[in-house]
Amino acid sequence: AQRVTQPEKLLSVFKGAPVELKCNYSYSGSPELFWYVQYSRQRLQLLLRHISRESIKGFTADLNKGETSFHLKKPFAQEEDSAMYYCALSGPGANSKLTFGKGITLSVRP
Amino acid sequence: DGGITQSPKYLFRKEGQNVTLSCEQNLNHDAMYWYRQDPGQGLRLIYYSQIVNDFQKGDIAEGYSVSREKKESFPLTVTSAQKNPTAFYLCASKSVYQETQYFGPGTRLLVL
């Protein structure tokens, strides 16, 4: 069974501070990992996926297969980063289901 | 993501009543999904459909039903058997050629 764990419900930091949102997963095989973000009054949307290896809005995430983790990081948080963040996992293939973690609220204070 | 619409934005259900949530997409996506979002629970998959006239149960399908008669539409019915229907419901769709799911704006269901 595939499972995603986000151990924290809330992270509150000051503007300019580093941010790390933790995500651990359980999957027997090679998973696809994603971070989705939901800003206030906006739709849930993809932030980044591990396979693309890109930085979006200053965020990066590295898949660590040894630690089964996919933590989301940003060196300097901005107020507009305040949102709900979900880590998600799917198996390979177009028909795989997406399993979400419980989400974490990031609050960036001025 | 502007290609996925959900209606209504708010829906009220009385005891013993079935209600249907609408989800329409014009993205030509084959796959469509229904999730339930509760505070502290994240998103949980209710039903999904990979192709017209076919659908599968997700993790929490009890008390819900769906149909997929058209590629563009994937309505969700919350039946009277669902004892705790109050939640935010999200619809999503995906192309078979991509891994990214695109989400609608959601419907909030409240019980009177």
Dipole in debye (nearest 20) - the protein assembly as shown, about Cα centre, beta carbon charges: Lys, Arg +1; Asp, Glu -1 | 380
Rg in Å to one decimal, and Dmax rounded to a whole Å, for chain A via C-alpha atoms | 13.5, 43
Once Lys and Arg are counted +1 and Asp and Glu -1 for all other residues with Cβ under 11 Å from that of B:Leu43, the total becomes +1
From other protein chains only, count the Cβ atoms within 10 Å of every residue's Cβ in A:100-107, then give the mean.
-> 3
Of the cross-linked pairs A:Lys102/B:Lys9; A:Lys9/B:Lys9; A:Lys102/B:Lys57; A:Lys57/B:Lys70; A:Lys74/B:Lys71, which ones have a Cα-Cα span greater than 28 Å in the structure shown?
-> A:Lys57/B:Lys70; A:Lys74/B:Lys71
Within chain A, longest stretch free of exposed GluC sites (Glu not before Pro) [DSSP loop, at most 16 other beta carbons within 10 Å] | A:9-53
Using the Kirkwood formula over every pair of different C-alpha atoms, what hydrodynamic radius in Å results for the protein assembly as shown?
-> 18.0
³J(HN,Hα) across region B:7-20 via Karplus (A = 6.51, B = -1.76, C = 1.60, θ = phi - 60°), whole Hz, x for Gly/Pro?
-> 8, x, 6, 10, 9, 10, 10, 8, 4, x, 9, 8, 10, 10
Within a Cβ distance under 11 Å of A:Pro92, other residues only, what is the Lys/Arg minus Asp/Glu net charge?
-> -2
Taking other Cβ within 10 Å of each residue's Cβ, how do A:Arg53, A:Arg41 sort, fewest first?
-> A:Arg41, A:Arg53
Whose amide H sits under 5 Å from the amide H of B:Ala87, counting only residues 5 or more places off or on another chain, with H placed in the peptide plane?
-> B:Leu109
Residue-count net charge about A:Glu8 - beta-carbon cut-off 11 Å; Lys, Arg +1, Asp, Glu -1 | +2
HN-Hα J couplings of region B:26-41 from phi, Karplus 6.51/-1.76/1.60, θ = phi - 60°, integer Hz, Gly and Pro as x?
-> 10, 8, 6, 7, 7, 9, 9, 9, 10, 10, 10, 10, 10, x, x, 10
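In what order do A:Met84, B:Met32 fall by count of nearby beta-carbon atoms within 10 Å, going from fewest to most?
So the ranking, lowest neighbour count to highest, is A:Met84, B:Met32.
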Here the relative contact order (percent) of chain B, from C-alpha pairs under 8 Å and at least 6 apart, is 35
Order of B:Asp54, B:Asp30, A:Asp81, B:Asp38 from fewest to most other C-beta atoms within 10 Å?
-> B:Asp54, B:Asp38, B:Asp30, A:Asp81
Computed on Cα atoms, Rg of region B:1-106 relative to 2.2 N^0.38 Å comes out at 1.00
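Every read-out reported here was derived from the displayed coordinates using simple, explicitly stated rules and does not represent laboratory data. Just so it is clear, the structure is predicted and the values come from calculations on it, not from any experiment. No Cβ is skipped: glycine too gets one built from the backbone with ideal geometry, and neighbour counts run over all protein chains shown.
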